[in-house]
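Laboratory data are not the source of any read-out in this text; all were calculated from the coordinates shown. Everything numeric here is computed off the predicted structure, so don't read it as measured data. Quick reminder, even Gly has a Cβ in these numbers, built from the backbone with ideal geometry, and neighbours come from all protein chains shown.
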Amino acid sequence: MENNEETYFETKCVHSGIKEYEYGPVVPPIYQTSTFKFKSAGHGAALFAGDEKGYIYTRMGNPTIEAMEDSVAELEGGHKALGCGSGMAAVHTVFATLTQTGDHVVCSNAIYGPTTTLLNSVMKRYGVHTTFVDASDIGEIENAVTKKTRIIYIETPGNPTLAIADIEAIAEIARRTGAYLVVDNTFMSPALQKPFEFGADIILHSMTKFLNGHADVIGGVIIVKDEETYCQFRKTLNQLGGVIDPFNSFLVHRGIKTLALRMERHCESAATIAEYLESHPAVAKVMFPGLPSHPQFELAQKQQKGPGGLISFELKGGCQAGRNLMDCVKLFQLAVSLGGVESLIQHPASMTHASMEKEVRLAAGITDGLVRLSIGIENVKDLLLDLEQGLEKVGKVRDEVII
Ligand code: LCS
């Protein structure tokens, strides 16, 4: 039996971040408190001065939050993690920590819509300018980088096109030019992709998705590789205030215990459904990293341990057919978000990526007819039956004027 790590990933999912607590609970207690008592005035002053270790105030640190942060840091192979109130709080904290007026960002054009919008609005107002590129084309990144580039920011696979960026090749450009490579690893989770192993500098996640996995938490996390960067991020996060709370941290930490198991099922069922869709006469195109027809299929094989649970596709009937399908399916829930145990269906152009300017969205390959599925852990036969009955009805539904 070969094992290069000290324990297997599945084992880490169950045990990481858990410490000894009073009374010996197997599960970390929820320290639902905003503040912590000092033993004396001197103790309080020493904690604030950093001369003693301990908890002061939950925005600055809390044992339940820390347990979850330690778990995520261990799973990603990082030094420490910082729990944030949402994925977007994590994204904002990264840009607010690493950039200042006059800095430049090179960013993948196929990413979660509000991240694009954040860069084009708030960050732009603060004098940070972004060049959006097709990150699956290394040449585009190489050409976009300037002396002022502070961050190269990618999501891989990207939301919702599932375009794949070569982390190792991009990390080499970042190293050469002195920029940070930031990878949003939400779509893969550390069960399927370890960006630090390919040279990324910072990883972030929307924990709302696979890490928590149960569609009942909004949360984000940033993972760093050294103490100096951690202190820099902690300072900014304390000031911005976008922290996660103890109860949501507890739920995420609980969700992580089944991460490895859930990801196996997500991948297996998504692969079956992607193959089914690709052979269906009503379907024009399927985007799924596990299909040989995916333009970066080989890169996906190299950098990912599995294809993930997301599928994007276009119907031959275009946007209207997609909308009809969304109204016809019964088991797939018509809702945004992803990575939960329940299967979801949504329309990026009018939903998750509606905040993007139309030309920017189309340039990123997010067409009006694109439909995105997040495959849950239900029995795949039920999911296939639901799609089958939905696709049969597509086209039979009366056309309506849309978008
Ligand atoms: N990064 C990625 C890759 C995401 O997919 C999302 C949310 C975020 C960051 C932001 O995380 P949040 O603040 O929502 O926790 N993605 C969503 C989606 O595709 N549908 O609904 C939310």
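For the pair E228 and L384, a Förster radius of 51 Å applied to the C-beta separation gives a FRET efficiency near 0.50, rounded to the nearest 0.05. Computed over neighbours whose Cβ is under 15 Å from that of K124, the net charge equals +1, Lys and Arg +1, Asp and Glu -1. Extension gain for the segment V341 to Q32, taken as residue separation times 0.36 nm less the Cα-Cα distance, is 108.6 nm to one decimal. Annotation: amide H of Y180 within the under-5 Å range of I151, I152, sequence separation 5 or more or interchain, hydrogens built in the peptide plane. Net length available on complete extension from E52 to T272 is 73.8 nm, with 0.36 nm assigned per residue and the Cα-Cα distance removed.
A convex hull fitted to the Cα coordinates of the chain yields 154 cubic angstrom per residue. Candidate cross-link partners of K39 among the aspartates and glutamates, defined by an alpha-carbon separation under 14 Å and a same-chain spacing of 8 or more, comprise E52. Helix 259-278 and the long axis of the chain differ in direction by around 20°, with both axes built from C-alpha atoms. Against the chain, whose longest principal axis is taken from its Cα atoms, helix 246-256 shows a tilt of about 60°.
Subtracting the Cα-Cα distance of S40 and V122 from their residue separation scaled by 0.36 nm leaves 25.2 nm.
Would you mind classifying the stretch 260-402 by shape? Square roots of the alpha carbon gyration tensor eigenvalues, ordered a ≥ b ≥ c; an a/c under 1.5 is rounded, otherwise it is prolate if a/b is larger than b/c and oblate if not. Taking the square roots of the gyration eigenvalues as a ≥ b ≥ c, the stretch 260-402 is oblate.
G178 sits among other residues whose Cβ lies under 15 Å from its own Cβ, and their net charge, with Lys and Arg +1 and Asp and Glu -1, is +1. Between Q239 and L261, the FRET efficiency from the beta-carbon distance, with R0 = 45 Å, is close to 0.75.
Once Rh is set to the Kirkwood radius over Cα pairs, what Stokes-Einstein translational diffusion coefficient, in µm²/s, holds for the stretch 79-145 at a temperature of 10 °C and a viscosity of 1.306 mPa s? Result for D is 124 µm²/s. Of all DSSP-defined beta bridges confined to the stretch 260-402, some 85% are antiparallel rather than parallel. Reported value for the stretch 1-126: 199 Å³ per residue, from the convex hull of its C-alpha atoms.
Taking GluC sites (Glu not before Pro) across the stretch 8-70, the ones in a DSSP loop with at most 15 further Cβ atoms lying within 10 angstrom of their Cβ are E20, E22, E52. Only lysine pairs 8 or more places apart, or on different chains, with alpha-carbon atoms under 22 angstrom apart are counted in the stretch 260-402, and they number 13.
Of the trypsin sites (Lys or Arg not before Pro) found in the stretch 126-217, those that fall in a DSSP loop while having at most 10 other beta-carbon atoms within 10 Å are K147. Using just its DSSP H runs of length 4 or more, each adding -39500 (n - 2.57), the chain gives a mean residue ellipticity at 222 nm of -11500 deg cm²/dmol after division by all residues.
Taken one residue at a time, the phi angles of the stretch 195-201 give Karplus couplings (6.51, -1.76, 1.60, θ = phi - 60°) of x, 4, 5, 9, x, 5, 9 Hz. Gly and Pro are set to x.
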